[in-house]
Structures are given as structure tokens and as C-alpha cells.
Amino acid sequence: MKLLSVGVFFVLVPALLPALDPLSASLFMGGAAITWQLFSSHSWLKCRLLECCNAKDTLNFSVVKTDLERKVFGQHLAVQLILRALSTNIHSKRPKKPLVMSFHGWTGTGKTFVSSIIAENLYQPSTSRRRFVHHFDTVLHFSHASHVHLYKEQLQDWIRGNVSACPRSLFIFSEMDQMPHGLIDSITPFLGYHEEMDGVYYGKAIFIFLNNAGGDKITEIALDYWRSLKGREDIPVKELQHLLSKEIFSNTNSGFFQSQLIQKNLIDYFIPFLPLEYEHVKQCVREELRAQGHPEDEDLITEIALAMTDYPSEERLYSSKGCKTVASRVTLST
């Protein structure tokens, strides 16, 4: 209706101009052009002056690849899978379904950090991301199990409304371990293979779930490989993804317990985040020293990394907290 009104307006313009002086006519036409740009759904001017979601794919894939490879330590499996998933989805003109990824691993292994890298590079630099990146913290947003029915309705309305406004919306669900059972199944209809549903196309949307569930299984497998004198690079990712799927489906402490999302194979990638070893923690400490503007003190780096590698108690191979407390340790030590 708005476009029709604008169209009628431009039809009448030639009839109105003769009655105006040259300056007024110029101003009139300039204003008309701006009006047309602001009404246009994919206008460059609208995107510059107002917040908008451009229909064109704007993910800066090369920057994402560089950031993941340079800033994420010890997660070669996760980085490879995520880059493959993003590339496939972004380079498809009309994906058949939304991209759905579930990140699994111990705390501090990089799950939240990686999701933030994706969010930072999904839209044009001049675009405010707050309207298109939707972060749900289970503890904050879904804290009352008795309100699950209400949460389901609110979650469906939120996803439907925001994807209608921006097809390339990003939804991040953290603390999935705390998610009330059955709640996440409410979004099942949006994740399937549909051309459109009630006039809304969901194929360009991206859903990321952050889980600690499955972290013990990942660590168990990594430790077995280490004890067998095999490198973590040798862990077969397909086998690990299959084990993760089974683990969280049967885990009562998982938000995906008996979930339809797994039963219906709607999660495209189960991304394993491996436990961080001593050398990876050192990299985190070194990076944090740079970020805080301190010189790279190798003695301090070694001291902090050694203190944080605490699992298993005999071998002390991994950091049970990943790099989560590195920033505070650096602050206290400098």
C-alpha cells in the first residue's frame, strides 16, 4: 500500500512542477527522491539513515575465517566445521532450511567467543546489530519451569516476527543445559525444510545453541586419544558428532533431552569444542596480556597456564575452566 501511494505521488509530480519556481522544483524533486528511497525495502539510503536488514548476503566470510583461525585456540575441529557450515549456507541463493548449529564443550573453550565473531561479521559494519542478533540466556529469559507454555508462545512470536523483518536473523541460545525440557521443541516448525511458512521464508536465518552438555564425552574421547599416543587432530569428527547427538538426546541435564530437533534431524552440525591443553592456555594468557597492554612476560604466562591445567588430577593435561578465568588472573598478576 505504501509503495502504491508513492507510485501515485510520482505520477502526479509532472503536473505539479510547472506551478513551482526552479528552486522549489529542485527541492521538491530531491525530497521526492529521498521519500522513494526511504519507502524502498532494500534502499541504500534507508540502510544508511535507518537500521535495516539488507536482503543481500553481507557476511564477511574472509574476516570470519581469519578471526576464527587466529583468535580461537585449540579448536581445529570446531573451526573447520563452522567455516564449512557458514560457507554452504551463505553461498546458497535460497537455502532449503535455516542453518542450525549446536556448540558443545566445557566452559571456557570458546563457544560464546566464536558465536560473537559470527555475529560481529554477519552484517555490514555500519549496521546496528542489536535488532538482528537475538541472544537468549536460558537462566535470564526462561528461568521458571512453570511458565514453559508462555515461553513457547513468546519464543515462536519473537522468531516469526523478527525473521519476517530480517530473513538473515541470528538467534543464539546460551546455557542450553538449563533449558526447561520441551521448550526448545517449540521452534521445531521454523527449522524444517519449508519453502515458506505462513508467508515467511526462514532459510536464511541462523540458529546457534551453546551447550556444556557433551563436554565430558568430548574430553573422554580426547583423553583416550592422548593416552593412545594419538593427536587430537586424529579424532574423527563425524564419529564425534554422532556420539554428541546420542549423548545430549539421552542426557537429562541437556535442554535437548528427548528433543524433536534431534529426532527429526533438524540440527545440521553438532560442533565439538575440545578441552584446552597447557599450550592453548598459554596462547590465551599471551593474548590477554596484549589486550590489557602489558608486555609478554613468559614467566607469568607459564605460571598462569600451569596453575590452570588441572585435569585429570594425575596428568594435569587440560584446563577444566578452559580460558574462562584468564582475564581475571592476568589482572590480578600484573
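The values are calculated or read from the model by the stated rules, or taken from the named source; none is laboratory data. What you see is a predicted model; the values in this text were computed from it and never measured. Neighbour counts are summed over all protein chains in view; Cβ atoms, including those assigned to glycine, are modelled from backbone coordinates with ideal geometry. These accessible areas exclude ligands, DNA and RNA; they are computed on the full protein's heavy atoms, side chains included. Shrake-Rupley method; radii C 1.70, N 1.55, O 1.52, S 1.80 Å.
Taking a sphere under 11 Å around the Cβ of Asn253 and counting the other residues whose Cβ falls inside, with K and R at +1 and D and E at -1, yields a net charge of -3. Note that the stretch 318-334 has calculated 3J(HN,Hα) couplings of 10, 8, 5, 10, x, 9, 4, 9, 4, 4, 5, 5, 5, 4, 6, 9, 10 Hz, one per residue in order, obtained from phi through the Karplus relation 6.51 cos²θ - 1.76 cosθ + 1.60 (θ = phi - 60°); glycine and proline are x. Evaluating kT/(6 pi eta Rh) at 37 °C and 0.692 mPa s, with the Kirkwood radius of the stretch 257-334 over Cα pairs in the Stokes-Einstein relation, gives 231 µm² s⁻¹.
Cross-link partners of Lys204 among lysines, defined as those whose alpha carbon lies under 20 angstrom from its own and excluding same-chain residues fewer than eight positions apart: Lys56, Lys65, Lys93, Lys96, Lys97, Lys264. For the stretch 171-177, 3J(HN,Hα) computed residue by residue from phi via the Karplus equation (6.51, -1.76, 1.60; θ = phi - 60°) reads 10, 10, 10, 9, 6, 4, 5 Hz, glycine and proline entered as x.
Backbone amide hydrogens, once placed in the peptide plane, bring Asp310 within less than 5 Å of Tyr318, Ser319, Ser320, excluding anything fewer than 5 places away on its chain.
Spin-label model, Gln154 to Glu69: label points 7 Å out along the Cα-to-beta-carbon direction sit 4.3 nm apart.
In a fully extended conformation the segment linking Lys246 and Thr334 would gain 27.2 nm over its present Cα-Cα distance, using 0.36 nm per residue. For the stretch 99-108, the Karplus equation 6.51 cos²θ - 1.76 cosθ + 1.60, evaluated at θ = phi - 60°, returns couplings of 7, 10, 10, 10, 8, 10, x, 4, 4, x Hz by residue, with Gly and Pro reported as x. Solvent exposure of Thr107, expressed as accessible area, is near 50 Å², computed with a probe of 1.4 Å over the protein chains only. Taking Lys and Arg as +1 and Asp and Glu as -1, the other residues whose beta-carbon sits under 13 Å from that of Pro295 total -3. Working note: Cα atoms of the stretch 192-334, range along each principal axis, descending, whole Å: 59, 38, 27.
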